[in-house]
Amino acid sequence: MRCCAICDPVITPTDPRAARPRIDWRRLDGILLLDKPQGMSSNQALQQARRLFRADKAGHTGSLDPLATGLLPICFGESTKIAGGLLGARKAYETVARLGVVTDTDDAEGQVLRERPVPPLTIDQIDAALRQLTGHILQKPPVYSALKRGGEPLYAKARRGEPIEVEPRAVEVHAFDLISAADLLDGGEPLLRLHVECGSGTYVRSLVRDLGELLGCGAHVVELRRLWVDPFREPRMWTLQGLEQLRAQAGERVLDACLLPVEIGMASWPEVRVNAAQALRLGRGQGLRGPYPVRGQVAILDERGRGLGLGEVDAEGRLRPVRLFRWAAQTGAAGAQ
């Protein structure tokens with residue numbers, strides 16, 4: 001978002017950006033459930049969606065690898081204030097693992113490090129290995145990841161060939177199940193199709209890598225698709241191509257109808273409802289005595305169910321504002337008149 005005209009880059013007539021039309025950014029609030037295409041980074045997908053909607057502010061709720069497809073919730077405008085909470089949400093994936101080959105990135109985009117023969121395997125052996133990687137486990141993230149060390153992503157250090165030691169960390173895997181091993185059991189390609197449900201910070205690439213080690217042959221991810229992210233359990237996803245066609249055929253107003261209201265993204269938090277006078281106090285940065293029965297972070301809504309932002313209820317039941325939407329104080333002022 002520009003702060004003033006002099007912040008714009010100077011574009012000369014020979015600059016290829018000179019032919020690009022200037023975007024008239026607009027204030028837009030809502031959540032887009034994007035079906036990220038393969039081969040595109042999450043940030044590239046975010047920027048394309050932002051330009052398509054002309055949104056002045058946007059952020060996504062958890063990166064997907066370029067190889068991966070599927071649900072990437074994108075928050076526009078005020079909904080970016082709840083994006084941090086959605087990062088830690090439970091997620092579900094479907095992935096295909098290729099046994100017998102280990103790569104430096106733990107997926108098909110990396111360089112092959114070693115190959116090993118795949119031993120004869122039974123469904124019971126595979127299920128037993130999957131159970132060892134389910135529940136509260138310690139997992140070593142991939143070296144090629146966006147985790148930062150010294151303010152720099154690990155993948156940048158890895159690409160320069162720097163030696164990196166990644167410490168294991170605690171993650172929660174709610175489900176790690178075999179969907180199909182038909183190719184492997186029929187003597188074809190050594191592929192396993194798997195279903196994963198996990199919490200924040202879990203890498204599916206690492207799960208597949210560790211599964212391969214438990215099976216004695218190594219493995220890497222060849223396909224990965226995110227199915228859902230809480231609270232979007234049955235998402236209606238939109239592709240970038242579909243959104244571009246919709247805008248061209250029906251216009252921007254119809255395009256905006258693809259967005260979910262911010263309240264739907266707040267469904268994972270316990271809710272607290274406040275009246276107009278209370279909303280006005282919160283909008284001024286003041287707390288409310290309560291007592292409120294819930295504890296911890298909450299979604300604050302007005303009496304009609306409109307989201308006002310996020311708050312925190314302390315041990316004594318008092319509510320204080322944490323991140324309110326811009327209309328929170330306006331809602332309270334209008335209702336108090």
Report summary line: Looking across the range 182-220 at residues that are closer than 13 Å to R116 by Cα and part of a loop (DSSP other than H, G, I, E, B), the single one that is most open to solvent (accessible area, probe 1.4 Å) is G216
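Does C75 satisfy being open to solvent by 70 Å² or more (accessible area, probe 1.4 Å) and either modelled with pLDDT of 90 or more or out of contact with any Cys (no Cβ under 7 Å at 6 or more places or on another chain) (or both)? Don't jump to the end; show me each part of the working.
Working: open to solvent by 70 Å² or more (accessible area, probe 1.4 Å): no; either modelled with pLDDT of 90 or more or out of contact with any Cys (no Cβ under 7 Å at 6 or more places or on another chain) (or both): yes.
No: the conditions fail for C75.
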Report summary line: Of the residues in the range 30-55, those that are touching a strand residue (DSSP E or B) at 6+ places or on another chain (Cβ under 6 Å) and either open to solvent by 40 Å² or more (accessible area, probe 1.4 Å) or not in a strand (DSSP E or B) (or both) come to Q38, S42, A45, L46, A49, R50, R54
Report task. Looking only at the range 107-115, decide whether some residue is of a type outside the set (D, E, K, R), over 22 Å from the mean Cα position of the chain (by Cα) and open to solvent by less than 70 Å² (accessible area, probe 1.4 Å). Result -> yes
Report task. Output the residues belonging to the range 278-308 that are open to solvent by 60 Å² or more (accessible area, probe 1.4 Å) and either aliphatic (A, V, I, L, M) or in contact (Cβ under 8 Å) with a residue 60 or more places away in the chain (or both). Result -> Q297
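Given the criterion buried (at least 16 other Cβ atoms within 10 Å of the Cβ), assigned to a strand (DSSP E or B) and not hydroxyl-bearing (S, T, Y), identify the matching residue among A83, A92.
A92
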Query raised in the report: How many residues are part of a loop (DSSP other than H, G, I, E, B), farther than 21 Å from D186 by Cα and either open to solvent by less than 20 Å² (accessible area, probe 1.4 Å) or modelled with pLDDT under 95 (or both) when one looks only at the range 118-154?
Result: 11
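The values are calculated or read from the model by the stated rules, or taken from the named source; none is laboratory data. Given the structure is predicted, the values throughout are model-derived calculations rather than measurements. Glycine also receives a Cβ, built like all others from the backbone with ideal geometry; neighbour counts cover every protein chain displayed. Heads up: the accessible areas ignore ligands, DNA and RNA and are worked out on the full protein's heavy atoms, side chains in. Shrake-Rupley method; radii C 1.70, N 1.55, O 1.52, S 1.80 Å.
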